[in-house]
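Following: one structure in structure tokens, then a few remarks.
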Amino acid sequence: MKLKLKDILILAVFGLLLSCKDKPKKSEMNKAEIEQEAEQLHTFFKKTYEEDLADSPMMQTQIGLKTNYGKWDDFSHTKYPKDLEKAKIRLAYMNDSINTNALSAADQLSYQLMKGELQHQIDDYQYRFYNYPINQMGGYHTSLPAFLINQHQVDSVIDAIAYIERLNGLKKVFEDVINTMQIREKNGILPPKFVFTKVLEDAKNVITGKPFSNSKENSVLLQDFSDKIEELSIPKKRKQELLVQAKLVLLEKVKPAYQNLINTLEDEDQRATSDHGVWKFPKGKEYYQNRLNRYTTTNYSADKIHAIGLEEVARIHNEMKAIMQQVNFKGSLKDFFKFMQENPQFYYEQNEEGKAAYLNKATSIIDEMRSHLDELFITKPTAKLVVKPVEAFREKSTGLAFYQRPALDGSRPGTYYVNLYDMKAASKYQMEALAYHEGIPGHHMQIAIAQELDSIPEFRKHLFYGAYIEGWGLYSELLPKEIGYYKDPYSDFGRLTAELWRACRLVVDTGIHAKKWTRERAIQYYKDNTPNAESDCIKMVDRHIVLPGQATSYKIGMIKILNLRAKAKKALGEDFDIREFHEVVLTNGVLPLNILETLIEDYIERKKADTF
């Protein structure tokens, strides 16, 4: 018998009750004993977070610390069993040593989230080699240079030396990464053939230019390092000494590291096939269901998600036809798609002026939306937001847009990255939706608020549930329309285009990984059902292939948030306040959808009690 998510939750609660059956109830405890239990849990949360932070120099940098500033994380396969053992010890402690009877509702939620994370870590261990550490979306060959460029700040000579130390450490990092790639291949996990063409070009780009050749241009890392030390108020001679050191390490450590990686990729390329779905893996079906469960925080099957996608595609197509009538377009929906793809009024020029105009307009869209946040939100982030283009060395293969969180200490703003490599993929009519999704009120709003919360343990500020995060991003594309934005019908069509894109993802992701669609069939589905540029369609399909399940999180999450909002509206009537609804959604950190539903239901009951 297949259990529904509700049944699983009931069993989990029952198990929790059993674990506490020999522990005193809250009514049997005095105030000091209750406070002691809470303090014990808080100490545990603090200790585990500090252990994990100490174990990750990169996370330290990401949140704005400069401890272990010259070091990288451990990328070796030996870290996996260590992390597994750590998770088991922590879970056992939570089961045996924490009396959940004594906890407040807020602490019980934190307990439940931590316990769920640990159980997932243990359950997912069997799939530890099932991903592609080098891929065109975010492989280490580009993400590590991007980390240095975007997150390693140089405010002193000590910071510059730490940068050089990290350059020096790339040799060991890539040795470990290559080792895990070889283990994966022995276990039948090898990227499809198209991946190698893309990642080889990107890897070679990193070691192109000075000091790797006599080129007039600096390599991306040398240019970044040069730019950063140039800003330092130190003698010119010291700057030259640092540059000499960096060039030497780039030649003696970074180049061999990348060349070793390139040689390994070229070797594996000879054995790669054109089978694109994870159905080709051992236990591929089970692995894909695992990914769907994690990314959507539901137990939806691939067939159910596929069906939801088809329904949503049909609905959105009908809404698009209404806009066609509004602008008096004569022809079919596919004709309208072609018109939107080919008419130059919808695109900036493919030059530096066009790119600058796009960035300026995107910034103004976000600034305008920021001025209306009081209508929709109670809590707002203090972290700043900037708009930047994706760097040239990785723009050919990276997706259209993404968000990078700010540093906790405010030293680095949140960043909305947009890929301007192909201006035909970055249309004017999609600009509003994209800026709302990645910036305000989307990812920046949600992630920055979560980071700035004082009411939750530190570990909850760094949780990742795709359906919540990306569901909020997609919901944030619709929200501005409800207060009067998307005045231009073509821009509203752009909003629908973005939603259609996410609906198609449900169909294509499950098509590739559960129904054995070919890459060509998947690309054709996007081309037939969306107005996006062909280059966009290809990138999206290639993303599905290397990140199975990830793209299903957007629409599933948005649908859930909208359903919960509709439920609250129906229950509360005139007493419904959208600002309060958003307060519940955003001020508890990142959550699985089932827990978000529970919190909204609690809010509805509290509101009713206050009203009556």
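A few notes on this one:
- Which listed residue is in a loop (DSSP other than H, G, I, E, B), over 23 Å from Leu547 (Cβ atoms) and either without any contact (Cβ under 8 Å) to a residue 24 or more places away in the chain or assigned by TED's automatic domain parsing to the domain that holds Ala203 (or both), from Asp409, Asp454: Asp454
- Arg543 vs. criteria at pLDDT below 95, of a type outside the set (S, T, N, Q), in a helix (DSSP H, G or I) and not assigned by TED's automatic domain parsing to the domain that holds Pro192: yes
- Any hit, the stretch 138-148, residues being in a loop (DSSP other than H, G, I, E, B) and within 30 Å of Ser226 (Cβ to Cβ): yes
- Checking Pro531, Pro592 one by one, the residue that is at pLDDT below 95 and not hydrophobic (A, V, I, L, M, F, W, C) is Pro531 and no other.
- Picking from residues in the stretch 526-535 that are in a helix (DSSP H, G or I), in contact with a helix residue (DSSP H, G or I) (Cβ under 8 Å, 6 or more places away or on another chain) and not basic (Lys, Arg), the one that is nearest to Val195 (Cα to Cα) is Glu534.
- Gln326 falls short on exactly one of the conditions (1) surrounded by 13 or more Cβ atoms within 10 Å (Cβ to Cβ); (2) outside the structural domain of Lys186 (by TED's automatic domain parsing); (3) farther than 24 Å from Gly442 by Cβ, and that condition is (1).
- Among the residues of the stretch 549-562, at least one is modelled with pLDDT of 95 or more and either more than 23 Å from the chain's Cα centre (by Cα) or part of a loop (DSSP other than H, G, I, E, B) (or both).
- Some residue of the stretch 143-150 being farther than 29 Å from Thr61 by Cβ and without any contact (Cβ under 8 Å) to a residue 60 or more places away in the chain: no
- Of the residues making up the stretch 370-401, those that are hydrophobic (A, V, I, L, M, F, W, C) and closer than 26 Å to Asp454 by Cβ are Leu373, Leu376, Phe377, Ile378, Ala383, Leu385, Val386.
- Residue in the stretch 130-137 that is modelled with pLDDT of 95 or more, surrounded by 17 or more Cβ atoms within 10 Å (Cβ to Cβ) and of a type in the set (Val, Ile, Thr) present: yes
- Which numbered condition Gly589 misses (of (1) in a helix (DSSP H, G or I); (2) surrounded by 22 or more Cβ atoms within 10 Å (Cβ to Cβ); (3) not charged (D, E, K, R)): (1)
The values are calculated or read from the model by the stated rules, or taken from the named source; none is laboratory data. Quick caveat, the model's predicted, so the values are computed rather than measured. Here Cβ is always computed from backbone atoms with ideal geometry, including for glycine, and neighbour counts include all displayed protein chains.
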